[in-house]
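J.: Dropping a structure here in C-alpha cells format, bear with me for questions.
The values are calculated or read from the model by the stated rules, or taken from the named source; none is laboratory data. Computed from a predicted model, the values in this text were never measured in an experiment. Here Cβ is always computed from backbone atoms with ideal geometry, including for glycine, and neighbour counts include all displayed protein chains. Side chains included, ligands, DNA and RNA excluded: accessible areas come from the protein's heavy atoms. Shrake-Rupley method; radii C 1.70, N 1.55, O 1.52, S 1.80 Å.
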Amino acid sequence: MNGLQVVFLLAALVSLFSAVMVVSARRMMHAALWLVLTLMGVAVIFVTLQSSFFAVVQILVYVGAIAILIIFSVMLTRRVMEDHGDQILPGWRAAALVAVLVFAVLVGFLALWQGFTTLLVELPSDSDNLLELGKALVSPQGYVLPFELASVLLVAALIGATTIAVDRKEEQSR
Amino acid sequence: MIPIAWYLIFSAALFCIGLFGALARKNAVAILMGIELMLNAVNVNLIAFWHYYAQIHSRPYVHGLAFTTMVFVVAAAEVAVGLALVISAYRRRQTPVVDELTLLKG
C-alpha cells in the first residue's frame with residue numbers, strides 16, 4: 001500500500017463518516033458543518049484523481065457558496081424547530097433498507113464489469129487536460145452550446161430564487 | 001495506483017448515504033443536504049471514469065471533464081432555487097418540516 005492509497009483511504013473514511021453524521025445529526029447546524037467536512041474530503045478525492053482543478057472548484061463552489069447558503073437557510077428556518085424532537089421520519093428503517101439495497105445492487109453490477117479492478121495510473125500531465133477542457137468549453141465543435149446554456153440556467157436560477165424568496169408582505173405595505 | 005473499484009464503491013456509498021438522508025430526514029434543508037451528497041457522489045464517479053478513459057486511450061480526454069462542469073453548474077442552480085423555496089415556504093407556514101407542508105393535500 002503506497003502513500004496515495006493511504007491518502008485516499010483516509011479521505012474516504014473521513015468523508016463517509018461525516019456524510020453519516022450529516023444525515024443523522026440531531027442539530028441542523030451540526031449537520032451543515034459536517035457537510036462542509038464531507039465536501040472537503042471529496043475535494044481530496046478529486047486531488048487523488050489528478051483533477052486538481054475540480055478540487056479547487058469543489059472548495060470554491062460547494063464549500064464557499066453552497067455550504068454557506070445551506071448554513072444561512074438553517075439559521076433562517078429554525079425558530080419553530082428548536083432542534084429538539086426527532087429529526088428522522090418514523091419510517092426511516094424502510095429508507096435505510098432502500099439505501100442499503102441500492103448500494104448492494106450498484107456494487108453488485110459494478111463488480112460484473114471487467115474493468116472493475118483496473119489500477120488508475122498517473123496521467124502524463126494534468127495541466128494539458130485543463131487546457132483542452134478550456135478550449136473545448138468555448139469551441140463550436142466542442143461544448144460552447146451547453147456552456148452558454150449553463151450560463152443562461154444560472155441567470156434563470158438567480159432570478160427565480162430572488163423572485164421566489166422575496167417578501168410579499170413588504171411589497172404590500174409599501 | 002488506486003484501483004477504480006475503490007472510487008466506485010466510495011461514490012456508491014456516498015450516494016446511498018445521501019439517498020437515505022433525502023428519504024428519511026424531516027427538515028427540508030436536510031433533504032437538500034442529502035441531494036448535495038448524491039450529486040457529489042455522481043461527480044466522483046464522473047471524474048473516476050474520466051481518468052479511466054484518459055488512461056486507456058492515453059490522450060487528453062475532455063468529455064468527462066465538460067460533463068462534470070455541467071453537473072457542478074446544475075448543482076449550484078438547484079440548491080439556490082431549492083433553498084429559496086424552503087425559505088419561501090417557511091415564511092408562509094412557519095415550518096421547515098416537509099410533513100407539515102400539506103397545502104396541496106386533497
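J.: Being of a type in the set (D, E, K, R) and within 7 Å of chain B (Cβ to nearest Cβ) is the filter; apply it to the range A:103-136 and report the residue that is nearest to A:Ser52 (Cα to Cα). Lay out the reasoning, then the answer.
T.: Going residue by residue through the range A:103-136, those that are of a type in the set (D, E, K, R) are A:122, A:126, A:128, A:132, A:135.
Filter once more, keeping what is within 7 Å of chain B (Cβ to nearest Cβ): A:128, A:132.
Values: A:Asp128: 12, A:Glu132: 15 Å.
For the range A:103-136, the residue satisfying everything is A:Asp128.
J.: So how many residues does the range A:25-47 have that are aromatic (Phe, Trp, Tyr), open to solvent by less than 10 Å² (accessible area, probe 1.4 Å) and over 22 Å from A:Glu122 (Cα atoms)? Full working, then the answer.
T.: Residues of the range A:25-47 aromatic (Phe, Trp, Tyr): A:34, A:46.
Those left that are additionally open to solvent by less than 10 Å² (accessible area, probe 1.4 Å): A:46.
Subset that is over 22 Å from A:Glu122 (Cα atoms): none.
The total comes to 0.
J.: Considering only residues that are more than 7 Å from chain A (Cβ to nearest Cβ) and over 12 Å from A:Ala12 (Cβ atoms), which ones fall in the range B:1-17?
T.: Result: B:Phe15, single match.
J.: Filtering the range B:64-97 down to residues that are more than 8 Å from every other protein chain (Cβ to nearest Cβ), crowded, with 17+ Cβ neighbours inside 10 Å and over 16 Å from the mean Cα position of the chain (by Cα), which residue is nearest to A:Met28 (Cα to Cα)?
T.: B:Ala89
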